[in-house]
1. Using helices alone, what [θ] at 222 nm do you get for the chain, with -39,500 (n - 2.57) per DSSP H run of 4 or more residues, divided over all residues and rounded to the nearest 500?
2. Compute the relative contact order of the chain as a whole-number percentage, counting only Cα pairs closer than 8 Å that sit 6 or more residues apart in sequence.
3. Using the membrane-span-like helix rule (whole DSSP H runs, Cα extent along the own axis of at least 15 Å, mean Kyte-Doolittle hydropathy at least 0.5), which helices of the chain qualify?
4. Let a ≥ b ≥ c be the square roots of the eigenvalues of the Cα gyration tensor of the stretch 175-230; is it rounded (a/c under 1.5), or, if not, prolate (a/b larger than b/c) or oblate?
5. Using a Förster distance of 45 angstrom, determine the FRET efficiency expected from the C-beta separation of Glu125 and Leu171, and round it to 0.05.
6. Roll a 1.4 Å probe over the protein heavy atoms and report the accessible area of Asp85 in Å², nearest 10.
7. How much solvent-accessible surface does Phe112 expose, in Å² to the nearest 10, with a 1.4 Å probe and all protein chains in place?
8. Would you look at the GNM of the chain, springs on alpha carbons closer than 10 Å, and say which of Phe156, Phe89, Phe195 moves the most?
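The values are calculated or read from the model by the stated rules, or taken from the named source; none is laboratory data. Note that the structure is predicted; figures quoted are calculated from it, not measured. Methodologically, a virtual Cβ is constructed for each residue, glycine included, from the backbone with ideal geometry; neighbour enumeration extends over all protein chains shown. Surface areas here come from the heavy atoms of the whole protein model, side chains and all, with no ligands, DNA or RNA. Shrake-Rupley method; radii C 1.70, N 1.55, O 1.52, S 1.80 Å.
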Amino acid sequence: MLPQLAIAVMASVIAITLHEAAHGYAALSLGDPTAKWMGRISLNPIRHVDPVGTLLVPGILLVSQLLATGRVDVMFGWAKPVPVDVRNFANPRVGMMWVAIAGPAMNFVLAFIAALLIHPASWLEGSLSADSMALVYRFLALSILANLVLGLFNLFPIPPLDGGRIMVGLLPMRAAMAYARLEPAGLFIVLGVLFLLPALIPAFQPMDVFLREIIRPAFDFTLRAAGVNP
């Protein structure tokens, strides 16, 4: 149980850390050094921890679900937002759109790399015990899963998710300004859809649909793209 939990946490931490660092690198490449000055272009996961979003909310969800049902059905959280000063971009809306795209793009690259690593991992068979090999494959599978979940979930077009900021960059100016005003309520919209509505309407389970209809096909596609039979 402990090794399984450890590799799950490790896969998630790598996915989140590089997602956030990618935002910072993208902003820097477009002319905004704010994230660099504040130490957020970093592979140190501690620099991206948000006390509420990274620790408190996931912790409460974990404990409450284990106490209530003995299993974990849904987890949700967020890292500390990467600081961006859009005034440093030649085109603030388009610049912010590319910064937003960088996070999910990094996750998709990481998912593909994890799938590719299944090939050299197979070379270790016979050198490692069956239990050790199972952990290696489990870590790679969880890495693919964590990156796909993080990348695809963030593409939902709800500010402050990356997809919402991409929409602001794509919409005409007047519509973009109106859409951007959703951001203060965006987190509550996401929490309401994920937790409140399923509690009120048991038949409404958006995370089940997300995992079944989006993540599972994406997982299989990633394996096939890497030359691995699902």
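1. Taken over the chain, the calculation gives -19500 deg cm²/dmol.
2. 21 percent.
3. Qualifying helices, which must be both long enough and hydrophobic enough, are 2-29, 57-69, 92-116, 130-153.
4. Numbers: a/c = 4.42, a/b = 1.58, b/c = 2.79.
Note, shape of the stretch 175-230 comes out oblate.
5. The pair Glu125/Leu171 has a calculated efficiency of 0.30.
6. Counting only protein heavy atoms, Asp85 exposes about 40 Å² to solvent.
7. My reading of the accessible area for Phe112 is about 80 Å².
8. Answer for the Gaussian network model of the chain: Phe195.
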